[in-house]
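These notes concern the structure reproduced below.
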Amino acid sequence: MTQGINRLGFTSHLFTTAMAILPHQDPQRALELAFSLDIPFWPQLPNLSYAEDTYVQTVLGMPGAEVDYQGLRILFDEDAFYEGLEEYLSLDPHHDAFAVNPEDSVTYAGFLERASSDFPALRGQFMGPISLSLMVKDAEGKPIIYRDDAREVAIRHVANRVNRHLMDLRSLNPRSFVWVDEPGLEFLFTGITGYTSERAREDLALFLSLLEGPRGVHLCGNPDWDFLLQSQVDLISLDAYNNRDILEGYRGGLAALLKRGGAIAWGAVPTHTSLLEEETPQSLADRLRSLWQRLEEEGLDGKAIASRSLLTPATCCLVNPDLTATVEKAFGMLKEVREILAS
C-alpha cells in the first residue's frame, strides 16, 4: 500500500482534529480550542442554547421542519411540507438557502475569520440524515424516518447542506472536508421496527452518492460495523478508546477501507473525567498502537496506517461535573499522543 494522497485530498501526518460539539458557553474560548488542533473545526455549543444544537443547525431550511426552541424539539408539519416542497425542490443544490449563515451560529463568523489555507485543512459537521430523520417527529410523535417522502427530502437536504458548506470552506482552504454525525446508526437494528436494514443501506448509499467531497461519517457509538464498512464511505471517525476490543474484530474491514484510499479518525483520548484521570499520553498511545498492530496483520505497515489516519478525542462530552476542564485537558493530551505516535 502506498502512502500517497488519500481520499481526503491530502496525506495525513496523524493530524489532530475533533468533533464539533463542545460543552462551552463562551464562543471565543470554544474557537480557541477548535484552532488549537492541526485541523480546526466549526464549534457547535448546545449547552449555550438549543439554536446551537447540531440537529437544529442541520434542519434549517427543510420544508415542514419547525424548530420548537422552548420545547427543545423539531416538529414536522405535513401541510407546510407540501406547501413548500415545490419551491424547495426547484432550488439549485448550491443555493444560498443551503449555506450556513453567521446568524445561525454564535461561532461561525469567528470560525471564518480565523480560517485560512495555512492549516492542513478545515472541517465542518452536520447531523447525518438517518439520525435527523429519527429526531424530527410529526404531530403524533412518529419519526419521519418512517415516511418515504419526508425521509428522502431529509437525505437530499443534508447532502445539499454538506456540499454547500464544503464549497464555502474550500474557498478558504482547498483541502477542507465535512463529515456527518450519525449516532442513530447505533440503534437501527436494536429497537426500531418498520425501518429495515435493506432500506437503511439504500438510504445511506443514496446519501453518500450525493456528496461532492470526501464521504465522511462520525459516530461515537458501536453500530453494525459491517453495515458501515461495506458502504462507500471514505472516512470513518470513531471511538477507538472505548471500542478498541470490538474494532479488533473488524480489522479486516478497517484495513480494506485504508487500502482503498480511505481514512480513519481514531478517537484516542477519552473526554469523561473518570476515564481521563486513569490515563497518560503514553498509555493512550500504547492503547492505539495495539489496535494498529492488529491492522498490520492485514498487510498494512505502520507508516501506511499513519498516512491514512487522523487523531481525535474519543467522544464529545457535555456532562462532566467540571464542565469544560476535562475536555480542554483531553485536547491537550491529544497533541501529546500525536507526538508520541509520530516519533
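Picking from residues in segment 51-76 that are open to solvent by 50 Å² or more (accessible area, probe 1.4 Å) and not small (Gly, Ala, Ser), the one that is farthest from the chain's Cα centre (by Cα) is 70.
One line per residue, one yes/no per condition, for (1) among the basic types (Lys, Arg); (2) touching a Cys at 6+ places or on another chain (Cβ under 7 Å); (3) open to solvent by less than 10 Å² (accessible area, probe 1.4 Å); (4) outside any helix (DSSP H, G or I):
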site	(1), (2), (3), (4)
233	no, no, yes, yes
236	no, no, yes, yes
241	no, no, no, yes
246	no, no, no, no
253	no, no, no, no
257	no, no, yes, no
275	no, no, no, no
282	no, no, no, no
285	no, no, yes, no
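Count of segment 136-183 residues, restricted to those that are of a type in the set (A, V, I, L, M), open to solvent by 70 Å² or more (accessible area, probe 1.4 Å) and under 19 Å from residue 217 (Cα atoms), is 1.
If you go through segment 26-57 and pick out every residue that is under 26 Å from residue 15 (Cα atoms), among the polar types (S, T, N, Q) and part of a helix (DSSP H, G or I), you end up with 2. Answer yes or no as to whether residue 157 is touching a residue at least 40 places away in the same chain (Cβ under 8 Å) and in a helix (DSSP H, G or I). In short, yes. Picking from residues in segment 95-108 that are surrounded by 14 or more Cβ atoms within 10 Å (Cβ to Cβ) and at pLDDT 95 or above, the one that is farthest from residue 228 (Cα to Cα) is 106. The set of residues from segment 290-343 being of a type in the set (Ser, Thr, Tyr) and loosely packed, with under 14 Cβ neighbours inside 10 Å comprises 290, 343.
Considering only residues of segment 34-50 that are under 18 Å from the mean Cα position of the chain (by Cα) and open to solvent by 10 Å² or more (accessible area, probe 1.4 Å), which is nearest to residue 306 (Cα to Cα)?
Our first condition is that a residue be under 18 Å from the mean Cα position of the chain (by Cα); within segment 34-50, this holds for 34-35, 37-46.
Among the residues that remain, those that are also open to solvent by 10 Å² or more (accessible area, probe 1.4 Å) are: 35, 38, 46.
Values: 35: 22, 38: 15, 46: 33 Å.
Only one residue tops the list, namely 38.
For segment 288-297, the criterion of being free of Cβ contacts under 8 Å to residues at least 24 places away in the same chain and in contact with a strand residue (DSSP E or B) (Cβ under 9 Å, 6 or more places away or on another chain) is satisfied by at least one residue.
Just checking, which of 148, 138 is in contact (Cβ under 8 Å) with a residue 40 or more places away in the chain and among the charged types (D, E, K, R)?
Numbers: 148 fails: in contact (Cβ under 8 Å) with a residue 40 or more places away in the chain.
Matching residue, one of 148, 138: 138.
If you go through segment 214-231 and pick out every residue that is modelled with pLDDT under 90 and either touching a Leu at 6+ places or on another chain (Cβ under 6 Å) or open to solvent by less than 20 Å² (accessible area, probe 1.4 Å) (or both), you end up with 3. Is segment 312-330 home to any residue that is closer than 15 Å to residue 282 by Cα, part of a helix (DSSP H, G or I) and not charged (D, E, K, R)? Checked against the condition, which is being closer than 15 Å to residue 282 by Cα, part of a helix (DSSP H, G or I) and not charged (D, E, K, R), segment 312-330 yields at least one hit.
If you go through segment 270-321 and pick out every residue that is within 17 Å of residue 21 (Cα to Cα), at pLDDT below 95 and touching a Lys or Arg at 6+ places or on another chain (Cβ under 8 Å), you end up with 0. As a summary of the residue check, residue 259 satisfies the conditions (1) under 15 Å from residue 179 (Cα atoms); (2) modelled with pLDDT under 95 except for the one numbered (1).
The values are calculated or read from the model by the stated rules, or taken from the named source; none is laboratory data. Please read these numbers as outputs of a predicted model, since none were measured by experiment. Positions of Cβ are generated from backbone atoms using ideal geometry, with glycine treated the same way; all protein chains shown enter the neighbour counts. To get the accessible areas, we keep the full protein, side chains included, count just its heavy atoms, and leave off ligands, DNA and RNA. Shrake-Rupley method; radii C 1.70, N 1.55, O 1.52, S 1.80 Å.
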